[in-house]
Amino acid sequence: METANETIKQAPLLEARNLTKVYEDGVKALDNLNIKVMPGEIYAMLGGNGAGKTTTINIFLDFIQPTNGNAFINGIDSNSDPLEAKKNVAFVSENVQLYPNFTAMQNIDFFVRLGGKSNYKRSDYENALNRVGLQSEAFDKKLRDFSKGMRQKCGIAIAILKNAPAILLDEPTSGLDPKAGKEFTKLIGELRDEGKAILMSTHDIFRAKEISDHVGILNNGELVAQRTNAELKGVNLEQLYVEYMAGYMEETDQNLVLTNDLN
Amino acid sequence: MFKLIFIKELKEILQSSRFTISFAVCSLLIILSFFMGAQNYLAGKAQYEAAKQENYNQIAANTEWMSVNHSIMLPPQPLMALVTGISNDIGRDIEVRGRGELSAQNTRFNDEPIFAIFRFMDLEFIFGVILSLFAIIFAYDAINGEKVSGTLKLCFSNSVSRASFIAGKLAGSFAGLSVALIIPLLIGCALLPVLGVNLTGDEWLRLGLILISGLAYFGLFLALTIGISAMTNKPSNSFLIGLVVWIFAVLITPRASVLISGRMVEVPNVDEITSEKNRYRFQLFADDRPKMADFSVPEGTEPQQVMQEFSKYMSELSEERAKKTEIFEEKINEQYINKRRQQERLALSLSRISPASVFSIASTELAGTSLGLQNRYMDSAQDYQQVYNDFMTEKTGTGGMTGFRMIISTDDDSGEEPETIDASELPEFEFQKATLSSTASRSLLDLGLLILFNIVFFGGAFFAFLKYDLR
Ligand SMILES: Nc1ncnc2c1ncn2[C@@H]1O[C@H](COP(=O)(O)OP(=O)(O)OP(=O)(O)O)[C@@H](O)[C@H]1O
Ligand SMILES: [Mg+2]
């Protein structure tokens, strides 16, 4: 594991290169987006509703084709070789849905196998579920009785078990109670430390600032600001974010904010 | 990957309450239809035996063959009860006379008109109407339901090809549901001998083919519905579309094709034909009238002699008219039958755009209760008429012509009570069932079409999914 990480450390595991997406109805959801996520990094995409976060993730997963540009997972263009690319990524959506007639265990078994991992034992599944904090009474309950947070935890467990080098998270903490949210934050911190590259869309600025190595702010499909964790030290991210979300930013105004931030 | 999805689909179906409920309902209906089919057959057989005995007794009570009234009946068959087809709609009894047209009377619905309204719950109905509807209920949200719920996205965030996903899904749902149908079908089959209905090897083979075509029919509706589900975004839409397609396929197309073919091929109705025949007969008579007036005898012939001559002259004319009439009527009948067959063929061909009609045609053909049943029965009856006529001619010298029979008293003057005839001398009527090979060749087209529909719909669902928006 260590040596493998060393060798791929140089190249980004997730990369959006000049990504542009114009939907059939003419909506420009992404405009020349450039993002790189290195192994052992968490990249948080912030942005208001409709900013283009889900669109970005959907392009990485080949659910939609970009109008322009490319999305690479571990160096593989996910739109020209999606099957190969997707071997290297795990995904947790903002509203994890599993098969309601299956138990948590059955669901996890299916999705983990689908993810290409077929030699796990039940104890491995139990460990993963314990790790995400699902109460053990629920392991063999049917999913139809699960709360949103419980489903979310299952989704995260599936992603952990897939053990892919890159992870895409679309608002993963939505619907989690504060305790679970905190545990989750700790969990993805651990995954980062294991060398995973994590691209996460979120509305939770505080958590984003807390754990991210990079924060990018999307507005109308444009990456209007990008900061490293170091750059964010002492910056009022909330103010920065709200101002970018509020609407357009003239070049000069942006500079203004930046200088303000630095003060 | 295919296997994983196949098994998941199978498990998901088997664990759903939708499955449990419909499995219970379908099993009940299937077993019930076998049970009622068997009961119907046994009751029909008992009635047949009784009527046959009654006919025999009546004949046996006669003192001379001349005054015999003989009826033959369509013997009931197990497969007729399982796939009734037209067997309840055609007359079962035919009064046989040595010459003349035969007509079949007394349909099943004559005796029990309630069934004419509600029909029987035979296998054709169970598969054709109920199971096809269940296929829609099962599969309408197969794809778009997973999209709406979001599992599709989670599946395809993995390295899964669309082809193996949809193939696994189609195969899994077909396997799961058809196994669930096969169980009650096998129970139903096992029930037949238990209830006292013994099928011949030939009949088992036919029943097997009927069930296989039923499963194929179910499969094509399943694939069709999954295809619709893979072309729509909302389960409510695919359900509605599925239902509309079902209504057109099952309820409208077969009826519409009969109506359309009725428009396209004009067939005179029976009244028109009768009046045409009557008109011809009157015409002949009118033509003969001057000839009748021309009758003359040399002057001074004895009146007795005149009467005899006249009678002879008249019967010669009448004989000639009868001959002409017969030829004419035969021609008219043949034209009528040809027209009607043409109309039927057109209706059947048109209706074949609906898989429901194809299944109906195939299953009734295999059960021997298709339109051909009536023709086969009449043909058998006509063959028998020949045999009967020969027999009667031998016995009476006139052929068993009831109606205008002359009473010639043969004066035996023995003074004894006349002895009754030996009814067992009467030749047995034998209904010629369609041979397996002729059935096979006639149902080949429809069995092929069922397979074709399956290929088209499974392929359609497959390709629809390759283009499906997974988000
Ligand atoms: N299928 C689609 N067709 C047309 N426009 C779309 C489609 N999907 C998304 N959009 C538009 O693209 C833009 C970006 O949407 P996207 O879902 O990526 O936003 P988001 O950042 O994920 O928002 P949220 O925070 O609400 O999840 C929006 O304006 C949205 O209306
Ligand atoms: Mg979104």
Inset, instruction - Would you check if residue A:124 is over 20 Å from the mean Cα position of the chain (by Cα), away from chain B (no Cβ under 13 Å) and over 25 Å from residue A:59 (Cα atoms)? - result: yes
Legend entry - Search result, residues across segment A:44-76 that are within 16 Å of ligand 2 (Cβ to nearest atom), of a type outside the set (A, V, I, L, M) and in a strand (DSSP E or B): A:47
Legend entry - Subset of segment B:316-374 [open to solvent by less than 60 Å² (accessible area, probe 1.4 Å) and free of Cβ contacts under 8 Å to residues at least 12 places away in the same chain]: B:318, B:322
Legend entry - Subset of segment A:27-43 (residues that are outside any strand (DSSP E or B), closer than 15 Å to residue A:228 by Cβ and hydrophobic (A, V, I, L, M, F, W, C)): A:38
Inset, instruction - Tell me which residues, restricted to segment A:127-182, are within 16 Å of ligand 2 (Cβ to nearest atom) and of a type outside the set (A, V, I, L, M, F, W, C). - result: A:148, A:152, A:155, A:170, A:171, A:172, A:173, A:174, A:175
Inset, instruction - Please work out if residue B:49 is exposed (fewer than 14 other Cβ atoms within 10 Å of the Cβ) and charged (D, E, K, R). - result: yes
Inset, instruction - Pick out the one residue from B:247, B:228, B:260 that is under 30 Å from residue B:175 (Cα atoms) and within 23 Å of the chain's Cα centre (by Cα). - result: B:247
Inset, instruction - Could you check residue A:201 against (1) out of contact with any Pro (no Cβ under 9 Å at 6 or more places or on another chain); (2) closer than 14 Å to residue A:14 by Cβ and say which number it fails? - result: (1)
Inset, instruction - Consider residue A:167 carefully, then state whether it is of a type outside the set (Gly, Ala, Ser), within 13 Å of chain B (Cβ to nearest Cβ) and in contact with a Lys or Arg (Cβ under 6 Å, 6 or more places away or on another chain). - result: yes
Inset, instruction - Given the conditions (1) within 14 Å of another protein chain (Cβ to nearest Cβ); (2) among the small types (Gly, Ala, Ser); (3) more than 16 Å from ligand 2 (Cβ to nearest atom), report the number of the one that residue A:29 does not fulfil. - result: (3)
Legend entry - Subset of segment A:82-116 that is charged (D, E, K, R) and within 8 Å of chain B (Cβ to nearest Cβ) - its residue that is farthest from the chain's Cα centre (by Cα): A:113
Inset, instruction - Check residue A:221 against each of (1) more than 14 Å from chain B (Cβ to nearest Cβ); (2) more than 16 Å from the chain's Cα centre (by Cα); (3) away from ligand 1 (no atom under 16 Å from the Cβ) and name the one condition it does not meet. - result: (3)
Legend entry - Subset of segment B:157-175 (residues that are facing chain A (nearest Cβ under 7 Å) and either surrounded by fewer than 23 Cβ atoms within 10 Å (Cβ to Cβ) or over 23 Å from residue A:79 (Cα atoms) (or both)): B:159, B:160, B:161
Inset, instruction - Can you tell me which residue among A:78, A:93 is free of Cβ contacts under 8 Å to residues at least 40 places away in the same chain and hydroxyl-bearing (Ser, Thr, Tyr)? - result: A:78
Legend entry - Residue in segment B:218-227 that is open to solvent by 30 Å² or more (accessible area, probe 1.4 Å) and either free of Cβ contacts under 8 Å to residues at least 12 places away in the same chain or farther than 30 Å from residue B:467 by Cβ (or both) present: no
Inset, instruction - From the list B:150, B:128, B:196, B:201, pick out the single residue that is modelled with pLDDT under 95 and crowded, with 22+ Cβ neighbours inside 10 Å. - result: B:128
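The values are calculated or read from the model by the stated rules, or taken from the named source; none is laboratory data. Every value quoted in this text rests on a predicted model; they were computed, and no experiment measured them. Cβ atoms come from the backbone with ideal geometry, glycine included; neighbour counts cover every protein chain shown. SASA here: full protein model, heavy atoms, side chains in, ligands and nucleic acids out. Shrake-Rupley method; radii C 1.70, N 1.55, O 1.52, S 1.80 Å.
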